[in-house]
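Read the structure below first, then the notes.
The values are calculated or read from the model by the stated rules, or taken from the named source; none is laboratory data. In this text, all values refer to a predicted model and were calculated from it rather than measured experimentally. Note that each Cβ is placed from the backbone with ideal geometry, even for glycine, and that neighbours are counted across all protein chains shown.
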Amino acid sequence: MNLNIENLVRSGVALVVGLPLALSVSNLSGVTTQLVTESLGDPTRDATYTAKEELAGPCIRFMLSKNDSKLEREAKNDIEEVVGGPVDYRATCNWVL
């Protein structure tokens with residue numbers, strides 16, 4: 001096998017020039033994908049964020065209230081109003097908080 005210095009130098013230059021270029025193109029495509037995803041929005045993420053935002057106050061009141069108190073009943077009513085019907089209050093508030 002004949003080792004040629006010229007071939008080794010050419011391979012080294014190709015590696016030094018090509019590797020950063022390949023890595024930057026790869027990174028650029030990843031950033032572009034992330035930007036497109038964020039700009040379009042995720043309907044599931046948006047809906048859960050809105051629901052959690054609306055339920056945070058009533059859930060805090062529910063979790064901190066005494067059993068069978070007026071505060072607990074009002075918190076349950078507020079939770080039902082947001083959700084649209086009866087729910088498992090403890091599980092719902094654990095999800096929210």
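Values as computed for the structure displayed
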| quantity | calculated |
| --- | --- |
| Positions within region 32-51 being at pLDDT 70 or above, in a helix (DSSP H, G or I) and surrounded by 10 or more Cβ atoms within 10 Å (Cβ to Cβ), in sequence order | Thr32, Thr33, Gln34, Leu35, Asp46, Ala47, Thr48, Tyr49, Thr50, Ala51 |
| Qualifying positions in region 70-97 - part of a loop (DSSP other than H, G, I, E, B) and surrounded by 11 or more Cβ atoms within 10 Å (Cβ to Cβ) | Val87, Leu97 |
| Some residue of region 6-14 being of a type in the set (D, E, K, R), under 15 Å from the mean Cα position of the chain (by Cα) and either under 30 Å from Val83 (Cβ atoms) or modelled with pLDDT of 75 or more (or both) | no |
| Meets criteria (in a helix (DSSP H, G or I) and in contact (Cβ under 8 Å) with a residue 12 or more places away in the chain) for Glu54 | yes |
